[in-house]
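Engineer: Next up is a structure, given as C-alpha cells.
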Amino acid sequence: MVSVSLYTLGCKVNQLESEAIAHAFSVQGFRVLPWDRASEEPKADILVVNTCTVTSKAEQKARRVIRKALRDHPQAVLMVTGCYAQVAREALDALGRECGSDSLDAKRLVVVSGDTKSLLLDLPGFLAKTMPEEMALVSISQWLREKETSQTPVTERFRFIPGDFSLHSRASVKIQDGCDNHCSYCRVRLARGRSVSLEADQIRATLQALEAKGYAEAVLTGVNITQYRDTGILQEGALHLGALLRYLLAGTEYIRLRLSSLEPEGLTEDLFAVLGHPRIRPHIHLSLQSGSPRILEQMGRRYTPEDVEKGIRRLRVVKDDPFLGCDIITGFPGETEEAFEETYAFCERSGFAWIHAFPYSPRPGTAAYTYPGGVSERDAVLRVERLRALGRAGRQAYSRRWQGQEVEAILEASKESNPSFVTAVSDNYLKLLVPFPNQEPPPWGSAIRCRICKLPDRGEEFSRFDALGEYIKEESR
Ligand code: SF4
C-alpha cells in the first residue's frame, strides 16, 4: 500500500488545503500517515510540504523540513507547494540540487507552485492508475508539467473541499482567497494574488452537506474574508460578508459558523447586523497589527486605533462578552518605545482574551523591506513577550468571567492518558477539558452544553486548558 504524508506550515487556509489533499489521497486508497510517523517502516513513499511565506522563520522552517525529509526518505518523492513555493521556486529548486537531487532520475523534489496546488487533488487519481514501481518522480513531474497551465482558473482555488476532516473536529470552508490590500510588510498577496471569492450558493451547498454529515460547526476561512464579494446573487451590487452570512444562515438549520481573522476595516454596520445571530460564534479575531496610528499608517493599514475601539465596543453590544483576539506585529521599522507603549496601552484597555504577537519579519519584495528605522530583534522579541503576557492575563480574566456559566462546546479528542476526559472548544473559544466519569461521551465533533466550573491553578495537570467543563447534555439538532 502506497503511503503519503503531509507537513503543513501557516494559516487556516493552508491547513484546509492540506486536509483536502490528504483526503484526495485517502479516497484513492493511499494510506495517509501523520508526519511524525512518516519515517516508520514502511516509510512514506510520497511527501508533501505545504509552505508559508508570512515570515522568514516560516521559510527557514520549510527549508529545514525539506532537507530532513530528503535525508530521511531517500526513496520518497517530495512535493513542495504553498506560498513559499509560489514566490521562491528557484530557491527551492536550488535547495533540491543542494540536497543531491539534481539529475532527472535522481530528482526527488518537485516544486508545485502555490497557484497550481490544486493539481495535487488530481495527482492521486493519476497515481492510482500507475503501478507503484512506476511511481517514480519522472512520471509525477512530467504529469504535473503537462497539467500546469499559464493561467489557473479561479475555480481551482476553491476545489479544496475535503469530504471529511480527518485531522480536525470542526469543519472549515474556504470562502475567499488572495487580497486587494497593499500592506507594506505583506508577502501573502504576492503569493496568493488578488482577492477572489467562492460563489455564495456553493458555500451554502457545502455547509448543507457538512450539516447532513453531522458537523456542528464550520469555520469560514480565507486570506481576507472581509473582502468577500459575490456578484452572482444580488441584482444590484455584490454580496459582502454580512449579506453572505445572512444567506448562509437562511439556507442552513443547525450548523454554527465561526469566522476566521477579520481585517478591522471590515467591521461594518452590515456585519454587526448579523453577528448577533445565535449560530454565529461569539469569537472574533482581529488582524490589528499595531495600536499606534503612525505605525498603522506606515504599514499601509486602512483604519485607526479609534476605528477599532469603536468596532470593539459594537462587538460587545451585538455579542454577550465575546472572545476577542488580535494579531500584533512588534518591531516594525520606526516603532519607537513610545509607539510600542501606544500599542500596549491599546491592547490593555481593549481587554483582549488572546494576543497573537510576533516580531516583524522583513520580506523581500515588500515596500517595508527597505524602510529605515529598523528595530533590533532583541527589542522586538521583548515587546512580543510583554504582549503575550498581557494576552495570557486577558485570557485568565476572560475565563474567570465565564466561570459558573453555561456554554456550548464541540467535542474533540479523548485524552490519551485518560479517555474519560475529552477535550473541547467552547463557542466563545475556550479550550476545555470535559470529564465523563460515569458515561460514554458523545461522538467526536458533537455539540454539547457544559458549565465552566474549575479554572486550572498553576502547574495543575490540566493547566494547558482554560477550564474544566461540567457536561450537561448533548445539543439537540
Ligand atoms: S490585508 Fe494586508 S496583511 Fe493581510 S493579506 Fe492583505 S495585504 Fe497581506
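The values are calculated or read from the model by the stated rules, or taken from the named source; none is laboratory data. It should be emphasised that the depicted structure is a prediction, and the values quoted were computed from it without experimental measurement. In this analysis, Cβ positions are derived from the backbone assuming ideal geometry, glycine residues included, and neighbour counts consider all displayed protein chains. Protein only, heavy atoms only, side chains kept; ligands, DNA and RNA dropped before computing areas. Shrake-Rupley method; radii C 1.70, N 1.55, O 1.52, S 1.80 Å.
Engineer: Taking 0.36 nm per intervening residue step and subtracting the Cα-Cα distance, what contour gain separates residue 143 from residue 313 on full extension? Don't skip to the end; give the middle numbers.
Structural biologist: Numbers: separation 170, 0.36 × 170 = 61.20 nm, distance 5.38 nm.
So the chain would gain 55.8 nm between residue 143 and residue 313.
Engineer: Could the peptides 47-54, 68-75, 108-115, 433-440 be put in order, highest first, of the mean number of other beta-carbon atoms found within 10 Å of their residues?
Structural biologist: On the way: 47-54: 25.6, 68-75: 15.0, 108-115: 22.8, 433-440: 13.1.
Highest to lowest by the protection proxy: 47-54, 108-115, 68-75, 433-440.
Engineer: In addition: Taking K and R as +1 and D and E as -1, what net charge do the other residues with C-beta under 10 Å from the C-beta of residue 260 add up to? Kindly include the intermediate steps, with their values, before the conclusion.
Structural biologist: Details: positive: 12, 174, 258; negative: none.
Residues close to residue 260 contribute a combined charge of +3.
Engineer: Considering the Cα trace of the chain, what is its radius of gyration and what is Dmax, both in angstroms?
Structural biologist: 22.9, 65
Engineer: Mind checking the stretch 412-469 for trypsin sites (Lys or Arg not before Pro) that DSSP puts in a loop (not H, G, I, E or B) and that have at most 10 other Cβ atoms within 10 Å?
Structural biologist: Numbers: sites: 415, 431, 449, 451, 454, 458, 464; in loops: 415, 458, 464.
Answer in residue order: 458, 464.
Engineer: Additional query: Of the options 153, 425, 88, report the single residue whose Cα projects farthest towards the positive end of the charge dipole of the chain (beta-carbon charges: Lys, Arg +1; Asp, Glu -1).
Structural biologist: Working it through, the farthest residue towards the positive pole turns out to be 425.
Engineer: Across the chain, where is the longest run that never hits chymotrypsin sites (Phe, Trp or Tyr not before Pro) in a DSSP loop with at most 16 other C-beta atoms within 10 Å? Before the final figure, lay out each step's value.
Structural biologist: Values: sites that count: 254, 444.
In short, 1-253.
Engineer: Give the Rg/Rh ratio for the stretch 371-477, taking Rg as the radius of gyration of the Cα atoms and Rh as the Kirkwood radius, to two decimals.
Structural biologist: Numbers: Rg = 17.6 Å, Rh = 15.4 Å.
Ratio value, two decimals: 1.14.
Engineer: Hey, another quick one. Using the Karplus equation 6.51 cos²θ - 1.76 cosθ + 1.60 (θ = phi - 60°), what ³J(HN,Hα) coupling, rounded to whole Hz, does each residue of the stretch 210-218 give in order, writing x for Gly and Pro?
Structural biologist: Once rounded to whole Hz, the list reads 5, 4, 5, 7, x, 6, 8, 8, 9.
Engineer: Please report the carbon-and-sulfur percent of the accessible area for the chain; probe 1.4 Å, protein heavy atoms only, DNA, RNA and ligands left out. Show your work: numbers first, answer last.
Structural biologist: Numbers: 10780 of 20880 Å².
Of all accessible area on the chain, carbon and sulfur atoms account for 52 percent.
Engineer: For the stretch 3-153, what Kirkwood radius comes out of the mean inverse Cα-Cα distance, in Å?
Structural biologist: 15.2 Å
Engineer: Still on this structure, please answer the following. When the Kirkwood hydrodynamic radius is evaluated over all pairs of different C-alpha atoms of the stretch 155-400, what value in angstrom, to one decimal, is obtained? List each step's numbers first, then the result.
Structural biologist: Numbers: mean 1/r = 0.0524 Å⁻¹.
Evaluated on the stretch 155-400, it is 19.1 Å.
Engineer: Under 4.7 Å Cβ to Cβ, no partner at all: give me those cysteines from the chain, in residue order.
Structural biologist: 11, 52, 83, 99, 179, 326, 347, 450, 453
Engineer: Under the definition of Cα pairs under 8 Å and six or more residues apart, what whole-number percent is the relative contact order of the chain?
Structural biologist: Values: 909 pairs, mean separation 48.0, N = 477.
Answer for the chain is 10 percent.
Engineer: Output ³J(HN,Hα) for the stretch 73-89: one whole-Hz value per residue in order, computed from phi by the Karplus curve 6.51 cos²θ - 1.76 cosθ + 1.60 with θ = phi - 60°, and x for Gly and Pro.
Structural biologist: So the J values, rounded to whole Hz, are 10, x, 8, 7, 9, 10, 10, 10, 9, x, 5, 5, 5, 6, 9, 9, 4.
Engineer: Amide H neighbours of residue 3 under 5 Å, counting only residues 5+ apart in sequence or on other chains, H built in-plane at 1.01 Å?
Structural biologist: Here 31, 45, 46 satisfy the definition.
Engineer: What are the ³J(HN,Hα) couplings of the stretch 48-62, residue after residue, when phi is run through the Karplus curve with 6.51, -1.76, 1.60 and θ = phi - 60°? Round to Hz, x for glycine and proline.
Structural biologist: Those phi angles translate into 10, 10, 9, 8, 9, 10, 4, 10, 5, 4, 4, 6, 4, 5, 4 Hz.
Engineer: Students often forget the sequence filter, so: which lysines lie under 18 Å Cα-Cα from residue 129 once same-chain residues fewer than 8 apart are removed?
Structural biologist: By straight Cα distance, residue 129 reaches 147.
Engineer: According to a simple spin-label model (label point 7 Å from Cα along Cα-to-Cβ), what is the distance in nm between residue 413 and residue 341?
Structural biologist: So the label points at residue 341 and residue 413 sit 4.6 nm apart.
Engineer: Keeping all protein chains in place, calculate the accessible area per residue for the stretch 3-153 (probe 1.4 angstrom), answer in Å². Could you put the intermediate results ahead of the total?
Structural biologist: Values: 6570 Å² over 151 residues.
Counting only protein heavy atoms, the per-residue value for the stretch 3-153 is 44 Å².
Engineer: Moving to a separate point now. What is the calculated FRET efficiency for residue 279 to residue 40, with r their C-beta to C-beta distance and R₀ = 30 Å, to the nearest 0.05? It would help to have the intermediate numbers written out before the result.
Structural biologist: Details: r = 42 Å, r/R0 = 1.40.
Efficiency at R0 = 30 Å is approximately 0.10.
Engineer: To continue, here is another question. With unit charges on the beta carbons (Lys and Arg positive, Asp and Glu negative) and the dipole taken about the Cα centre of the stretch 140-229, which residue among 223, 171, 186 sits farthest to the positive side?
Structural biologist: 186
Engineer: Further question: Based solely on C-alpha atoms, express the radius of gyration and the Dmax of the stretch 286-426 in angstrom.
Structural biologist: In Å, with Rg to one decimal and Dmax whole: 17.9, 56.
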